Amino acid sequence: MRYVDEFRDPELITKASEEIYRLADPERHYRIMEVCGGHTHAIYRFGLKDILPSNIELIHGPGCPVCVLPMGRIDDGLAVAKDPDVIFTAFGDMMRVPGTQGSPFEHKARGTDVRIVYSPADALQIARKNPEKHVMFFAIGFETTAPSTALTLMRAKAEGIENFTIFCNHVTIIPAIRAILDSPDMRLDAFIGPGHVSTVIGCRPYEWIARNEGKPVVTSGFEPLDLLQSLVMLLRQLRASEAKVENQYKRVVPWEGNRAALKAMAEVFQLRPYFEWRGLGFISQSALKIRDEYAQWDAEQRFPIPGTRVTDPKAAQCGEVLKGVLKPAQCKLFGKECTPEHPIGALMVSSEGSCAAYYNYEHRKAAAMVASISSVA
Amino acid sequence: MCLAIPGKIVAIDHNAAAHLGTVEVAGVRRKVDLGLLEDDMPVAGDWVLIHVGFAMTKISEQDALEQMNLLQMLGEAEQAMQEVHGYGGDENAENSPGTSRVS
């Protein structure tokens with residue numbers, strides 16, 4: 001596949017890995033955070049840690065919009081779906097995320113009309129095709145996804161489609177990074193910056209990280225060569241005691257971002273004064289809500305939302321894993337009470353959750369190793 | 001939701017009120033919304049990055065090629081240095097730890 005295969009070339013991967021070994025100072029222990037859940041998954045899926053020196057520690061950031069959503073918001077969305085005239089639509093990623101009364105899929109099994117969509121535009125289409133029903137789209141995602149929700153709302157308004165609302169859980173990435181840097185138990189040397197969020201917001205929003213915090217940032221693509229090249233760029237900066245923002249993902253990320261996307265977001269959304277994030281607590285100005293001009297399409301204005309606040313099960317350490325303080329395997333429930341088949345927290349089910357990444361890729365490797373050792377003994 | 005995939009625009013739908021295009025991804029054709037690219041509309045033949053049914057940016061072939069070049073060049077300076085270290089002609093030069101060229 002074009003623009004994919006080239007960035008998986010084994011020879012170039014070897015070259016990049018060798019360069020990283022050359023650049024990494026053996027006297028140093030590097031702590032580099034990849035913010036994006038998508039990067040976490042790529043790192044595990046492609047086994048990149050196996051070709052990095054052991055003194056580079058990759059720390060998983062909170063860039064997983066499903067993972068950071070508190071359980072109460074799932075309950076709130078599903079409360080609206082109880083109405084038999086409501087069709088609850090969401091991305092596939094949401095379907096197995098646990099609420100206190102079960103996940104959307106479990107609600108579907110009990111008779112709620114729950115449907116997977118791949119695009120907010122699909123949800124709007126369901127509304128067009130089912131005028132006697134109400135379609136609610138459970139919107140999640142960072143700035144990558146918010147513009148598409150915004151455009152969909154603009155289309156709904158332009159067409160006068162009345163049986164459609166959005167339950168908005170869009171969050172913004174910069175406040176999350178700020179919260180991580182402000183956290184006393186987090187010591188980081190550099191960041192692998194978000195890839196696709198940056199196609200919308202550009203690279204400027206990260207400049208304060210380099211300028212004020214003195215940490216290098218390289219916005220990265222998602223293929224193995226992208227990530228390795230980003231590490232080369234970060235190590236070069238660290239060696240030279242530099243700190244600036246660089247764009248590795250040039251083929252897709254414009255430095256100034258996508259003006260039309262930002263404009264659509266500004267038209268439809270405004271910042272909430274504060275929003276609760278799993279693991280990071282309440283963060284001000286970190287999430288989007290729908291503007292009054294679009295109130296008719298805002299599920300929170302059309303329906304009574306319980307506003308449930310639910311704390312995670314006591315034993316689950318989702319918050320600490322999200323912040324990067326714990327590795328997934330260090331959570332007491334990992335692989336025992338909490339697996340992809342019966343998840344306790346969203347990190348184990350989301351396609352961008354670090355527990356899911358670790359479980360699906362690393363865990364099996366460790367188990368296979370244990371099995372092969374015990375079969376020889 | 002970071003997942004975004006490259007796709008090639010094979011047709012633009014000029015009739016729709018919304019800007020729609022047909023993209024081809026691994027042989028499969030689907031309609032995507034081009035509304036986020038209204039400042040710089042792609043044409044048939046362009047590659048775009050698609051996320052949740054919307055095109056996010058155009059993919060720059062130029063930048064992709066430049067990137068590949070940079071990656072190709074990794075390690076070349078090192079290899080050149082190793083090559084030169086291996087030359088034994090200068091008696092005053094420091095010995096390099098046995099980099100004998102084997103072709």
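Numbers for the structure displayed
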| quantity | calculated |
| --- | --- |
| At R0 = 41 Å, FRET efficiency that the Cβ-Cβ distance of A:Arg259 and A:Arg178 yields, to 0.05 | 0.95 |
| Top of A:Thr172, A:Thr152, A:Thr311 by mean-square fluctuation, Gaussian network on chain A, Cα under 10 Å | A:Thr311 |
| Partnerless cysteines, meaning none of the other Cys C-beta atoms lie under 4.7 Å away, in chain A | A:Cys36, A:Cys168, A:Cys203, A:Cys318, A:Cys331, A:Cys338, A:Cys355 |
| Segment A:Arg236-A:Met1, extension gain: residue separation times 0.36 nm, minus the distance between their alpha carbons | 81.5 nm |
| Inter-label distance, nm, simple model (7 Å from Cα along the C-beta direction), A:Val310/B:Ala44 | 5.0 |
| Antiparallel %, DSSP beta bridges [both residues in the protein assembly as shown], to 5 | 45 |
| Cα-based Rg of the protein assembly as shown normalised by 2.2 N^0.38 Å, two decimals | 1.04 |
| DSSP loop chymotrypsin sites (Phe, Trp or Tyr not before Pro) with at most 16 other Cβ within 10 Å excluded, longest remaining stretch of chain A | A:119-254 |
| Among A:Arg22, A:Arg251, A:Arg236: highest mean-square fluctuation, GNM of chain A, C-alpha pairs under 10 Å | A:Arg251 |
| Cα→Cβ-extended label distance, 7 Å offset, between A:Asp85 and A:Arg204, nm | 4.6 |
| R0 of 35 Å, Cβ-Cβ distance A:Glu267-A:Glu341: FRET efficiency to nearest 0.05 | 0.25 |
| Extension gain from A:Glu159 to A:Gln101, taking 0.36 nm per residue of separation minus the Cα-Cα distance | 17.3 nm |
| Residue range of chain A that is longest and free of GluC sites (Glu not before Pro) which are both DSSP loop and sparsely packed (at most 16 other C-beta within 10 Å) | A:28-131 |
| Point-to-point label distance, B:Ala80-A:Ser54, nm (Cα→Cβ direction, 7 Å offset) | 3.5 |
| Shielding score for A:247-254, defined as the mean number of other chain Cβ atoms within 10 Å | 6 |
| Low-density loop cleavage sites - trypsin sites (Lys or Arg not before Pro) in the range A:266-301, where at most 16 other Cβ are within 10 Å (DSSP) | A:Arg291 |
| Karplus-derived 3J(HN,Hα), 6.51/-1.76/1.60, for each residue of the range A:318-328, Hz, glycine and proline x | 3, x, 5, 5, 4, 6, x, 6, 10, 7, x |
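Read the figures in this text as sums done on the coordinates, not as results from a lab. Everything quoted here is computed from the prediction, not taken from an experiment. Because the Cβ atoms are built from the backbone with ideal geometry, glycine has one as well, and the counts that use them run over all protein chains shown.
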